[in-house]
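Chemist: Pasting in a structure now, in structure tokens, and then I'll have a few things to ask.
The values are calculated or read from the model by the stated rules, or taken from the named source; none is laboratory data. Note that the structure is predicted; figures quoted are calculated from it, not measured. Note: ideal-geometry Cβ built from the backbone for every residue, glycine included; neighbour counts use all protein chains shown.
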Amino acid sequence: MKSRFLYTLLLGSLAAPLSAQSSKELNSPAALKKAAYNVDKYVAEIFRKKKLPVPKVVDDPTFLRRSFLVAAGRIPTLEEASSFLEIDDAAKREMLTGYLLQSDGYRSHMQNYVFDLLRAKDDNRNGGQAYSAPYMNFISESVGKNAPWNQFAHNLISAKGIAWEEGNGAVGYYIRDKGMPLDNLSITMQIFTGERLECAQCHDSPTNKWERMDFYELAAFTHGQGEMNGGVWNKAMRTYDDEDFRRSDIGRLFYWLRDNIHYGTLGDQGAGRIKLPSDYQYKDGDPGEMIGGRTQFGKRIRSSDRRDSGKSREEFAEWMTKDNPNFDYIAVNRMWERVMGSPLTYPVDEYVKPEKTASPALVNYLTRLMVDLNYDLKAFQNVLFLTRTFQFAANPKAFEAGVPQAFNGRQLERMSAEQMWDSLVTLVAEQPDKLAKRKFSNHIYYNNKPVLVGQKTMAQLSKEVVAIEDPEKYREYAENLLQEFKSGGSGSGDKDMMMMASKSRPGPAKGIARASELPAPAPAGHFLREFGQSDRELIGASTIEANVAQILEIMNGHVEKMVVANKGASVYDALKKGTTEADKARYIYYAILSRPPSDAEMNMLMRDVIDGSTESYQNLVSALVQTHEFMFVQ
């Protein structure tokens, strides 16, 4: 069968651009296919050297499910699965790749990845808006626009100012680790350059090249972070003698201003200088000595010749994203792991010189490709999805012969918590990618109500507040603002504007939605956390380890209530789609396992399971979602 809605979409996706850069020759469909062919040639050479045949590719159902889970973070819908499996076209795998990478599912799944990598959290201080709303929105928009990875990293590292100003949510990167700038530096280096500096913060590292002086010379570039006008706020607040100040109306407003405006600001772009700690123990420096910033590899920059450039974080960002060979390789290694299931080298966030890898030629080619594609992660992943390597079947013999897992087909592993949740959502919602999304709004919310709607935004209010340099004027401004909130707050603006503001408060979606749109991380006890979602405290803190709670969730918890017992779940569209009992069973297999049942399975179903009743189909759905085949990525 060839005439289905998805087939039309697939045909359109084959020639459609992938991003804003797609007009460039290197990003054309033909160029991406050629790049994929080149990758396969290097991989084939690895097998040739081991005197092994290149692995066979998986069948259509396995390719379909693997592609959806890896590219879009969910299983295909019943309609998507049946359309692909019943299309007779030699180019359908290539077309499916284009369809997935243009889908909102790709954006959603990639957003989960970046949230996890940056440890981004919906962390509203004391119930306020704080910095997290604009920061999470910045990440979401950057992923949605497919911002080049080097530009994205540069924005995070060099950002300054007010988080609420349009396009400036990147300042949330440093605010995420406020009060811990040295830890933030270690995390930055691990995420983007694959260098581990944790040990060097306290002593010369015995396991790598980093010395304690090296660490502090890098820390000088990001030193000097501070809130904008935090001192003025503090002085103004202390002019009140009331012991119950914090519980008074003006006191609550003062702390609201601190939590929602000052906390979300970054007042400089780095001092470029830092004092060595009082316990510094090596001969190359003295405790308390002021030193300047210096990079240790790549193109070196030094800021110790001047007292304070005021732009040292900008210099640091330039060095990291433009003059640092590690940056390119770590981006490549992360994307290879994301698509192929295993990194080129372990661990994924540790830099390895090309000559020490299984294929220096392949690594050099991939890093050049990343640069040539202008760090377009979607286009780079598109190349990998188009390779025969991505389609390899699992190949234990090659692994035993010494071929790294990165080239042996995807290893069998349980879905991530997000993939599991989003796949269950797919069984419930006919169009899972069109469910509720995160919201962002620049409206002012005070006491959980929108105020000054149509009169002033959070960006405007923040700009006014941080511009006040005199404590007395700050106090006067705050008292006037309180009166505005009281007299014109909830009643300001017309009714339509107020209603829209009430519904558009920034934050995660509620109810059934994809994991990327829910609170990040989900609260303790939620399905996502039970199945190993990261708590966003450490990089890569998610897990796919099994536990008893997961079994209970599948047998009697979310899965039972959300899918099996839900008569309106989209998985039961199979009962409307099929005209015979066998057709209905086949479509349920399509919806859950993305394949038709085997002849033996169909015979068993018709003999022992399906009797035409609703209950018999519910039993089939319950059984299939509990199988390893459903819960694992193949």
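Chemist: Scan the stretch 360-414 residue by residue and report those that are farther than 14 Å from ASN27 by Cα, basic (Lys, Arg) and buried (at least 20 other Cβ atoms within 10 Å of the Cβ).
Modeler: ARG410
Chemist: Quick check, is ALA120 crowded, with 20+ Cβ neighbours inside 10 Å, assigned to a loop (DSSP other than H, G, I, E, B) and touching a Lys or Arg at 6+ places or on another chain (Cβ under 7 Å)? Before the answer, list the steps.
Modeler: On the way: crowded, with 20+ Cβ neighbours inside 10 Å: yes; assigned to a loop (DSSP other than H, G, I, E, B): yes; touching a Lys or Arg at 6+ places or on another chain (Cβ under 7 Å): yes.
Yes: the conditions hold for ALA120.
Chemist: Within the stretch 344-379, take every residue that is assigned to a helix (DSSP H, G or I) and β-branched (Val, Ile, Thr) and give me the one that is nearest to TRP149 (Cα to Cα).
Modeler: Keep residues of the stretch 344-379 that are assigned to a helix (DSSP H, G or I), which gives 354-356, 360-372, 377-379.
Still in the running and β-branched (Val, Ile, Thr): 363, 367, 371.
Values: VAL363: 18, THR367: 13, VAL371: 10 Å.
Step by step, filter the stretch 344-379, then rank; the result is VAL371.
Chemist: Go through the residues of the stretch 599-613 one by one and say whether even a single one is over 31 Å from the mean Cα position of the chain (by Cα) and touching a residue at least 40 places away in the same chain (Cβ under 8 Å).
Modeler: Just the residues of the stretch 599-613 that are over 31 Å from the mean Cα position of the chain (by Cα), to begin with: 599-613.
When the remaining residues are screened for being touching a residue at least 40 places away in the same chain (Cβ under 8 Å), the result is none.
The answer is no; no qualifying residue exists.
Chemist: Please specify each residue of the stretch 127-168 satisfying the condition of being basic (Lys, Arg) and more than 15 Å from the chain's Cα centre (by Cα). Step through it out loud before you land on a result.
Modeler: Taking the stretch 127-168 as the starting set, the residues that turn out to be basic (Lys, Arg) are 145, 160.
Residue satisfying the conditions is LYS160 alone.
Chemist: While we're here: Can you confirm whether GLN225 is in contact with a Phe, Trp or Tyr (Cβ under 8 Å, 6 or more places away or on another chain), assigned to a loop (DSSP other than H, G, I, E, B), touching a residue at least 24 places away in the same chain (Cβ under 8 Å) and polar (S, T, N, Q)?
Modeler: yes
Chemist: Note down all Cβ pairs under 7 Å where the first residue falls in the stretch 507-536 and is surrounded by fewer than 24 Cβ atoms within 10 Å (Cβ to Cβ), the second is β-branched (Val, Ile, Thr), and they're at least six residues apart or on different chains.
Modeler: What qualifies is ILE512/VAL425; ILE512/VAL428; GLY532/THR543; GLY532/ILE544.
Chemist: Right, something else. Among the numbered criteria (1) part of a loop (DSSP other than H, G, I, E, B); (2) more than 13 Å from SER622 (Cα to Cα), which single criterion is violated by ASN566?
Modeler: (2)
Chemist: Applying the selection to the stretch 238-253, what residues are farther than 18 Å from TRP164 by Cβ, of a type in the set (A, V, I, L, M, F, W, C) and either at pLDDT 95 or above or outside any helix (DSSP H, G or I) (or both)?
Modeler: Our first condition is that a residue be farther than 18 Å from TRP164 by Cβ; within the stretch 238-253, this holds for 238-252.
With of a type in the set (A, V, I, L, M, F, W, C) added as a condition, the list becomes 245, 250.
Of everything in the stretch 238-253, just one residue is farther than 18 Å from TRP164 by Cβ, of a type in the set (A, V, I, L, M, F, W, C) and either at pLDDT 95 or above or outside any helix (DSSP H, G or I) (or both), namely ILE250.
Chemist: OK, next. With respect to the numbered conditions (1) within 26 Å of ALA159 (Cβ to Cβ); (2) in contact with a helix residue (DSSP H, G or I) (Cβ under 6 Å, 6 or more places away or on another chain); (3) not hydrophobic (A, V, I, L, M, F, W, C), which one is the sole condition not fulfilled by LYS235?
Modeler: In the conditions (1) within 26 Å of ALA159 (Cβ to Cβ); (2) in contact with a helix residue (DSSP H, G or I) (Cβ under 6 Å, 6 or more places away or on another chain); (3) not hydrophobic (A, V, I, L, M, F, W, C), LYS235 misses (1) alone.
Conditions tested, residue by residue: (1) free of Cβ contacts under 8 Å to residues at least 24 places away in the same chain; (2) farther than 23 Å from GLY169 by Cα.
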site	(1), (2)
CYS199	yes, yes
ASP204	no, yes
TRP233	no, no
ILE250	no, yes
ILE261	no, no
ALA271	no, no
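Chemist: With the requirement that a residue be farther than 21 Å from VAL70 by Cα and not in a helix (DSSP H, G or I), what does the stretch 604-631 give you?
Modeler: The answer is ILE610, ASP611, GLY612, SER613.
Chemist: May I ask you to list the residues in the stretch 434-483 that are surrounded by 17 or more Cβ atoms within 10 Å (Cβ to Cβ), among the small types (Gly, Ala, Ser) and assigned to a loop (DSSP other than H, G, I, E, B)?
Modeler: Matches in the stretch 434-483: SER441 only.
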